1. For Asn56, work out the one condition from (1) assigned to a strand (DSSP E or B); (2) touching a helix residue (DSSP H, G or I) at 6+ places or on another chain (Cβ under 6 Å); (3) polar (S, T, N, Q) it doesn't fulfil.
2. For the stretch 243-254, what are the residues that are surrounded by fewer than 16 Cβ atoms within 10 Å (Cβ to Cβ) and either modelled with pLDDT under 95 or under 22 Å from the mean Cα position of the chain (by Cα) (or both)?
3. Of all the residues that make up the stretch 210-259, how many are within 27 Å of Pro116 (Cβ to Cβ) and either touching a residue at least 24 places away in the same chain (Cβ under 8 Å) or of a type in the set (S, T, N, Q) (or both)?
4. What tally of residues in the stretch 210-242 results from selecting those that are on the phi > 0 side of the Ramachandran plot and in a loop (DSSP other than H, G, I, E, B)?
5. Just to confirm my filter: which strands (runs of 3 or more DSSP E) fall fully inside the stretch 135-209 and include at least 1 residues that are closer than 16 Å to Trp237 by Cα and within 15 Å of the chain's Cα centre (by Cα)?
6. Any chance the stretch 221-232 includes a residue that's within 18 Å of Ser182 (Cβ to Cβ), of a type outside the set (A, V, I, L, M, F, W, C) and at pLDDT 95 or above?
7. Would it be correct to say that Gly118 is small (Gly, Ala, Ser) and over 16 Å from the mean Cα position of the chain (by Cα)?
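The values are calculated or read from the model by the stated rules, or taken from the named source; none is laboratory data. Computed from a prediction, not measured in an experiment: that's the story for all the values here. Here the Cβ is made from the backbone with ideal geometry for all residues, glycine too, and neighbour counts use every protein chain on show.
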Amino acid sequence: MAFPPLSLALISILFILSPMHSSSQWKLVWSDEFKKDGLPDPAKWDYDIGGSGWGNNELQYYTMARKENARIENGKLIIEAHREPFEGKEYTSARLVTRDIATWSSGKIEVSAKLPSGLGTWPAIWMLANTNPLKWPDDGEIDIMEHVGYDQGVVHASVHTKKYNHIIGTQKTSRINVADCSTNFHRYQLEWNNDSLRIGIDDNYYYSFKNENTGYDVWPLTNKFYLLLNLAVGGNWGGQKGVATDIWPRRMEVDYVRVYQKK
């Protein structure tokens with residue numbers, strides 16, 4: 001839903017002034033500020049590895065501890081996709097995860113990031129249930145930010161559950177225009193508790209998902225969830241209008257990741 005500028009400004013003011021959402025109610029419990037150059041901190045990040053297509057017919061091979069694809073540089077985490085032959089694939093990239101390292105079932109997550117542009121890019125900031133084995137979509141997925149290069153400047157937020165997911169055409173999603181998402185950093189945010197969650201950018205919360213209190217098919221979000229940061233190439237969505245072959249490398253830059261819990 002689009003709001004006129006005045007309404008949007010008023011909403012932002014009300015959000016800031018509301019005691020319910022006062023920053024004084026949040027306590028920082030986990031973060032990475034990416035201050036030390038080199039590979040990502042193995043005490044905080046693991047990797048998903050391989051070129052299976054990841055359920056979406058993606059074109060990249062996700063590598064592990066390879067600075068060309070994931071490194072800290074000048075205070076930023078760089079996740080970079082390259083066009084290069086690797087393990088039978090034409091592209092490489094990285095998918096960083098906190099699985100089995102840091103997980104949460106409520107709270108606030110904020111990721112400051114600058115997104116890549118270009119046909120075929122598909123960056124994401126998202127969460128999966130830390131269940132073993134993971135049953136998708138039954139165990140839940142939270143998409144804090146997705147952006148596809150053929151639709152530049154449009155950012156998406158979604159939740160996937162057994163009842164609500166794109167495979168059966170019931171996905172609950174929303175989108176917002178962020179014209180400078182590839183030239184400036186923005187704060188991509190998630191807040192959730194046992195009753196609802198909401199997703200926003202720079203304190204403008206444009207997406208919400210409610211607990212209908214009808215069981216696990218709708219609300220598996222009491223599971224422990226881990227965070228994923230990745231840059232995919234092509235795929236069922238990212239490659240829907242093709243993949244440019246002459247734009248690589250492309251990168252997503254992350255200034256920080258911060259996780260808060262209610263005091």
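1. Unmet condition: (1).
2. none
3. Residues in the stretch 210-259 being within 27 Å of Pro116 (Cβ to Cβ) and either touching a residue at least 24 places away in the same chain (Cβ under 8 Å) or of a type in the set (S, T, N, Q) (or both): 34 in total.
4. So the answer is 3.
5. Of the strands (runs of 3 or more DSSP E) lying wholly inside the stretch 135-209, those with at least 1 residues that are closer than 16 Å to Trp237 by Cα and within 15 Å of the chain's Cα centre (by Cα) span 141-146, 154-160, 172-177.
6. Taking every residue of the stretch 221-232 in turn, at least one turns out to be within 18 Å of Ser182 (Cβ to Cβ), of a type outside the set (A, V, I, L, M, F, W, C) and at pLDDT 95 or above.
7. The answer is yes for Gly118.
Conditions (1) under 30 Å from Gln240 (Cβ atoms); (2) without any contact (Cβ under 8 Å) to a residue 40 or more places away in the chain, marked per residue:
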residue	(1), (2)
Ser52	yes, yes
Leu59	yes, no
Asn69	yes, yes
Ile101	no, no
